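Notes follow once the structure below has been shown.
The values are calculated or read from the model by the stated rules, or taken from the named source; none is laboratory data. These numbers were taken from a predicted model, which means no experiment stands behind them. Please note: Cβ atoms are built from the backbone with ideal geometry, for glycine as well, and neighbour counts cover all protein chains shown.
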Amino acid sequence: MADENWKPKIIAIICNWCSYAGADLAGGARIQYPPDIRAVRVMCTGRIDPLFILKAFQDGADGVLVSGCHFGDCHYLEGNYKAAKRMFLLKSVLKNIGLDDKRLRMTFVSASEGAKWGMVMSDVVKTINELGPSPLKEFAR
Amino acid sequence: MAEVKNKEARIGVFVCHCGTNIAGTIDIEAVKEYAKTIPNVVVADNYAYMCSTPGQNKIADAIKEQNLTGVVVAACTPRLHEPTFRNATAAGGLNPFRFEMANIRDQNSWVHMHQPVEATEKAKDAIRIAVAKASLLEDLVPKSVPVEKTAMVVGGGVGGMQAALDLANAGIKTYLVEKSPTIGGRMSQLDKTFPTLDCSQCILTPKMVDVYRNENIELLTYTEVEAVEGYIGNFDVTLRKKARGVLTPKEAEARGIVGGGCTGCGDCANVCPVIKPNPFELGMAPRKAIYIYHPQVSPLIYTVDFDACVKCGLCVEACGEKKAVDLEAQDEFMTVKVGTAILALGYDIYPIEKKFEWGYKNFDNVITSLEFERLICASGPTGGHLVRPSDGETPKKIAFVLCAGSRDNTDTGKPYCSRFCCMYSLKHAHQIIEKIPGAVPYIFYMDIRSFGKMYEEFYYRIQNEGAKFIRGRVANITEDPVTKNLHVNAEDTLLGRPIDMEVDMVVLAAAIQPSAETEKTRRLFGVSCSQDGWLLEAHPKLNPCGTTTAGVYLAGVCQGPKDIPDTVAQAEGAASAASIPIHRGEVELEPYFAQCIEEKCAGCGMCVYQCPYQALSLVEKDGRTVMQVTEAKCKGCGTCGGFCPGGAIWMQHFATPQIVAQIDAFLLGGEQ
């Protein structure tokens with residue numbers, strides 16, 4: 001299955017107020033990171049239905065990143081706590097169905113952490129490169 | 001809530017060069033040609049600056065000519081130009097919410113500058129994802145809500161006072177909330193101000209009186225913000241009025257004490273047997289358990305320090321018929337409704353004893369600049385006579401250590417410039433030359449940053465007055481145990497030689513940091529902070545007074561170090577910004593509300609507990625239980641929509657089919 005030209009397909013679902021702003025700040029600071037991740041913006045990580053993530057894996061995503069505000073900093077008070085709870089639960093589901101739970105990552109990057117966003121990007125890509133293509137890929141089409 | 005059909009979607013894609021910001025990395029032509037092949041795209045175009053008038057006209061014209069149902073602009077970030085392109089979309093006759101942005105600059109060309117091929121592929125994907133969403137976008141109408149015609153300013157320093165005065169003078173009822181018993185803030189602790197050498201109190205106290213007398217300002221001293229609910233136009237702020245133990249004349253009247261209440265005579269403090277250090281004098285002078293900070297406080301009302309009070313009752317006796325002292329007072333809570341709020345939370349001095357190499361708190365004659373201000377101030381603990389704490393002698397040779405803890409990337413310092421230390425240290429040098437015959441100031445500096453109007457001229461003046469400048473950071477300070485003189489060890493980097501200088505006194509121009517209350521208060525108002533704790537403005541250049549929380553604005557040092565003129569200027573800006581929604585009378589909220597898809601709703605009510613704003617409730621409708629959204633309370637986070645087990649919640653503009661379409665477009669669309 002491992003194809004030499006394989007490039008990881010990673011989707012990041014990120015909140016408008018902290019992580020999306022942090023990602024923009026990384027741009028302003030010209031912090032360079034690997035170009036393998038595509039972002040989808042939501043207002044809050046609380047919006048993220050675990051089914052979105054399962055859908056992404058079903059579609060053949062090699063990794064999914066969820067990134068929001070730090071605890072206590074959520075623009076909507078507690079959406080990130082609720083998202084984190086759901087992600088913990090979802091990680092255990094992934095593990096139980098035989099998908100490495102490292103393919104799903106939740107991070108907390110604030111609007112002022114452009115450098116951290118760059119580090120998260122590099123680290124996620126590195127992790128997924130080590131894991132290789134998702135075993136669900138062959139069901140995707 | 002019918003799901004939007006995308007069969008008739010006609011999308012226009014517009015790719016921006018942003019000069020060379022995007023075009024320098026991404027192959028615009030290739031991206032545009034690719035965009036034409038994406039399903040639903042009927043037109044793709046490109047332009048050097050899409051945000052310019054010709055760029056916006058391209059969008060409006062294409063909407064009309066091509067009968068578009070949705071617009072995608074691939075450019076910078078929606079956080080910058082979403083409003084611009086929504087306006088352009090509306091100018092073309094389309095609902096502005098039928099616009100979606102693909103971020104190909106901030107999150108692409110700028111971060112993949114050396115990978116043009118990969119960046120171009122990423123841009124294609126981003127546009128495909130945006131087109132998928134734009135194909136499913138629906139018409140939305142912003143909700144207009146009325147704005148409460150009152151404002152709140154938190155913090156009663158010079159910035160908060162200025163903001164409150166401006167709002168009040170614009171005819172807006174303003175609550176000015178201050179945690180300490182008096183307004184005035186840090187500025188009231190200063191002796192003179194640079195570069196004009198105005199006496200700080202002389203220019204501040206008239207303002208304090210203005211605030212106290214202004215009938216549009218409700219001054220709430222010794223009061224803290226306890227909770228904040230609501231949104232722009234309609235904040236409910238709960239305040240804790242700390243037990244003061246002393247009644248104002250108004251409060252006394254309310255209790256039926258005729259002609260009673262505190263007149264500020266001070267008879268109570270004269271008899272009080274408890275002595276505590278006065279924090280206003282940084283502990284260098286005493287105060288009683290019933291106290292005022294200094295004679296010019298506003299309001300001139302005494303305060304009981306209940307942690308220190310022994311409840312002997314002598315003050316009650318001394319107060320006599322005025323019956324102002326109430327030793328059984330309790331904290332009181334009140335809730336006020338305000339339309340907008342300004343945070344002017346100020347700063348604290350960095351605990352410079354953490355830089356142990358300079359010996360602050362270990363060596364008697366090492367003091368901070370703020371302590372110097374009190375010691376040189378005519379109304380200070382020494383009546384303006386600068387003395388050495390160790391022996392009360394007048395120092396003749398004084399070293400000033402600049403950037404003490406500022407511009408310091410170690411664990412025990414702050415990376416930023418505290419901005420006003422250079423200037424006040426120059427002023428300190430001037431003051432000792434003026435006041436103490438034969439005294440010589442030695443200023444150890446990294447750079448002298450005299451950036452303001454008439455500041456550089458002031459620097460020259462101090463040089464000519466005889467201050468000595470030594471360019472070098474102080475490595476350490478040691479104390480002579482007998483004389484309590486200090487040895488300053490540094491390197492003169494201009495002469496390239498080490499220095500060991502014996503001085504009588506060292507003044508540390510300590511760094512500043514956000515005030516202790518900043519963290520708690522910013523969280524109550526939902527305002528972000530930058531890494532160093534200063535509050536985050538909405539845009540560093542174009543919106544320095546605003547925050548990402550609509551209706552909350554920033555004034556003064558809480559947003560970043562600044563001197564008095566800059567603080568006052570920002571306060572006036574914040575007051576102007578905060579008055580706009582109030583004068584307009586209504587604001588438009590982004591219509592990202594949750595909606596219940598009633599045929600799917602099972603009425604389980606789990607979403608009700610997910611909502612942080614109590615916006616959801618269960619109602620009976622046609623014989624079954626369904627969820628109902630109170631739009632005025634919904635802020636559009638979507639936490640309910642992320643949770644609903646039945647998929648019965650439609651998040652406007654972030655609806656499940658729209659997000660799933662984005663996921664599918666990336667992973668299943670394009671070249672596999």
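Among the candidates B:VAL552, B:VAL527, B:VAL557, the residue that is β-branched (Val, Ile, Thr), more than 21 Å from A:VAL109 (Cβ to Cβ), within 13 Å of chain A (Cβ to nearest Cβ) and surrounded by 19 or more Cβ atoms within 10 Å (Cβ to Cβ) is uniquely B:VAL552. Set side by side, the residues B:THR84, B:THR89 differ, and just one is β-branched (Val, Ile, Thr), more than 22 Å from A:ALA12 (Cα to Cα) and more than 28 Å from the chain's Cα centre (by Cα), which is B:THR89. If only residues of the stretch A:112-126 that are surrounded by 18 or more Cβ atoms within 10 Å (Cβ to Cβ) and either in contact with a strand residue (DSSP E or B) (Cβ under 9 Å, 6 or more places away or on another chain) or of a type in the set (Ser, Thr, Tyr) (or both) are counted, the one that is nearest to A:CYS18 (Cα to Cα) is A:SER112. Inclusion of B:VAL246 among residues that are among the β-branched types (Val, Ile, Thr), in contact with a helix residue (DSSP H, G or I) (Cβ under 6 Å, 6 or more places away or on another chain) and buried (at least 16 other Cβ atoms within 10 Å of the Cβ) is not warranted. On inspection, B:CYS268 qualifies as in contact with a Phe, Trp or Tyr (Cβ under 8 Å, 6 or more places away or on another chain), over 19 Å from B:GLY380 (Cα atoms) and not in a loop (DSSP other than H, G, I, E, B). The number of residues in the stretch B:484-521 being away from chain A (no Cβ under 14 Å), of a type outside the set (A, V, I, L, M) and either without any contact (Cβ under 8 Å) to a residue 24 or more places away in the chain or in a loop (DSSP other than H, G, I, E, B) (or both) comes to 14.
The residue that is surrounded by the fewest Cβ atoms within 10 Å (Cβ to Cβ), counting only those in the stretch B:645-659 that are within 11 Å of chain A (Cβ to nearest Cβ) and at pLDDT below 95, is B:PRO645. For the stretch B:45-104, which residues satisfy the criterion of being away from every other protein chain (no Cβ under 14 Å) and among the β-branched types (Val, Ile, Thr)? Once the filter is applied, which keeps residues that are away from every other protein chain (no Cβ under 14 Å) and among the β-branched types (Val, Ile, Thr), the stretch B:45-104 yields B:THR53, B:ILE59, B:ILE63, B:THR69, B:VAL71, B:VAL73, B:THR84, B:THR89.
Residues that are farther than 28 Å from B:CYS611 by Cβ and more than 13 Å from chain B (Cβ to nearest Cβ) occur in the stretch A:102-122; there is at least one. Here the helices (runs of 4 or more DSSP H) wholly within the stretch B:69-181 that include at least 1 residues being of a type outside the set (D, E, K, R) and under 28 Å from A:SER122 (Cα atoms) are B:78-91, B:116-134. Looking at this structure, is A:ALA26 small (Gly, Ala, Ser), within 7 Å of chain B (Cβ to nearest Cβ) and over 15 Å from the mean Cα position of the chain (by Cα)? Yes, satisfied. Could you tell me whether the stretch B:30-53 includes any residue that is small (Gly, Ala, Ser), at pLDDT 95 or above, crowded, with 22+ Cβ neighbours inside 10 Å and outside any strand (DSSP E or B)? Yes, the stretch B:30-53 has at least one match. Filtered by the rule that a residue be crowded, with 16+ Cβ neighbours inside 10 Å, facing chain A (nearest Cβ under 9 Å) and farther than 21 Å from A:GLU78 by Cβ, the stretch B:530-541 gives a lone residue, B:SER530.
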